[in-house]
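Undergrad: Pasting in a structure now, in structure tokens, and then I'll have a few things to ask.
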Amino acid sequence: MPTTPDDPGSAPRREVFGRLADGTEVHRWTLARGGTVLKVLSYGGIVQTLERPDRAGHPANVSLGFDTLAPYTTDSPYFGALIGRYGNRVARGRFTLDGTEHRLPVNDGPNTLHGGDDGWDRRVWHAEPSGAHGLTLRLTSPDGDQGFPGALAVEVDYLLGEAGELRIDYRATTDAPTVVNLTNHLYFNLGGEGGGGIGDHRLGLAAAHYTPVDGTLIPTGEIAPVADTPFDFRRAKPVGRDLRTAHPQLLRAQGYDHNFVLDKGVTAAPEHAATLYDPASGRLMTVATTEPALQFYSGNFLDGTLTGPSGRTYRQGDALCLETQHFPDSPNHPAFPSTVLRPGETYTSSTVYAFAVR
């Protein structure tokens, strides 16, 4: 039975999930509180399971992933992973900081995606309980890691609140000027993992603007209004309503894979960014963040070659991502909010996923 919001839940529990080719153990941590069951891997900081009850009280995993370790190491499109050092894309795998050009691995056409081909989604993090309902993961990224300057010390907290909300807090410090943009790559299907498409999910975004992209999905530098375009989610609408519209931007990305500029900007505490509702199950999720933007990805590149714990394959549009972040390619766009971190500063970011039924 799922826990209820006034249920104290259970303390974090650890088990061996698998071993890497070199024999390194990967652990899975389970946290439960307020109707949420969260399972996190030390490999990639991956959210492997996020269970929530529907309107009838029946729990289901609402995130995509795998039930064994091996596919996470070979096939995963970042399912549930912590992303760093730079979430999203950096054009041509290079940027200039303080007059010095830095080159990164190119792993997405001509560009760098999610920190490079050996990003933090492929690292084993040190994990330990944080209080009765939290988990802290730590990683040290050395100077030159994937081409990024500065040694970076990173901490990420997963915390379940009384009502089962999931809060993710990120902190990082550096010993040399660098760029940082951290996020989590959860794939959501509020109908349940393996339950089919998310076209009927109703999505609302607190964003009057978005950043159009070029043919390689790099922002052009324009900050465009969403009004009178398929990108207008200011009033919640079904994800699939405009998905097949022959808009040039949708054609380029084969759907939605765009950075939405949140009306609120950067904030000290998490503020409302998005709402997602599945009418069939009654599950409702709200997203609040300190970040100035959110990448909405409609699962365009799920191609039926991956199979989840349900035993069903994942196909195009079977899940969506709402990645809270700074803008893609910010190091190459001085007009975008800065992602530069310098010695003596602390990078901080927080996102809260809250759940309800109706």
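Derivation of every value follows stated rules applied to the coordinates shown; laboratory data play no part. Please read these numbers as outputs of a predicted model, since none were measured by experiment. Here Cβ is always computed from backbone atoms with ideal geometry, including for glycine, and neighbour counts include all displayed protein chains.
Undergrad: Run the helix sum for the chain: -39,500 (n - 2.57) per DSSP H stretch of 4+ residues, divided by residue count, reported at 222 nm to the nearest 500 deg cm²/dmol.
TA: -500 deg cm²/dmol
Undergrad: Give, in whole angstrom and from largest to smallest, the semi-axes √(5λ) of the equivalent ellipsoid of segment 115-181, with λ running over the eigenvalues of the Cα gyration tensor.
TA: 26, 12, 11
Undergrad: Then there is this: For segment 10-186, place one equal point scatterer on every Cα, skip the solvent, and apply the Debye formula. What is log10 of I(q)/I(0) at q = 0.11 Å⁻¹?
TA: -0.49
Undergrad: Cβ under 9 Å from Y158's Cβ, Y158 left aside: what net charge do those residues give with Lys, Arg +1 and Asp, Glu -1?
TA: With Lys, Arg at +1 and Asp, Glu at -1, the neighbours total -1.
Undergrad: Counting Lys and Arg as +1 and Asp and Glu as -1, what is the net charge of the other residues whose Cβ lies under 9 Å from the Cβ of L135?
TA: Here the count lands on -2.
Undergrad: Also, I was wondering about something else. About its Cα centre, how strong a charge dipole does segment 10-186 have in debye, to the nearest 20, once Lys and Arg get +1 and Asp and Glu get -1 at the Cβ?
TA: 280 debye
Undergrad: What ranking do 40-49, 92-101, 216-225 get when scored by the average of other Cβ atoms within 10 Å per residue, highest first?
TA: 40-49, 216-225, 92-101
Undergrad: For D22, D303, D169, which order do you get if you count the other beta carbons within 10 Å of each Cβ and list the fewest first?
TA: D22, D303, D169
Undergrad: Among A172, H114, G35, pick out the residue whose Cα is farthest towards the positive end of the charge dipole of the chain, where Lys and Arg carry +1 and Asp and Glu carry -1 on C-beta, about the Cα centre.
TA: Towards the positive end, the residue furthest out is G35.
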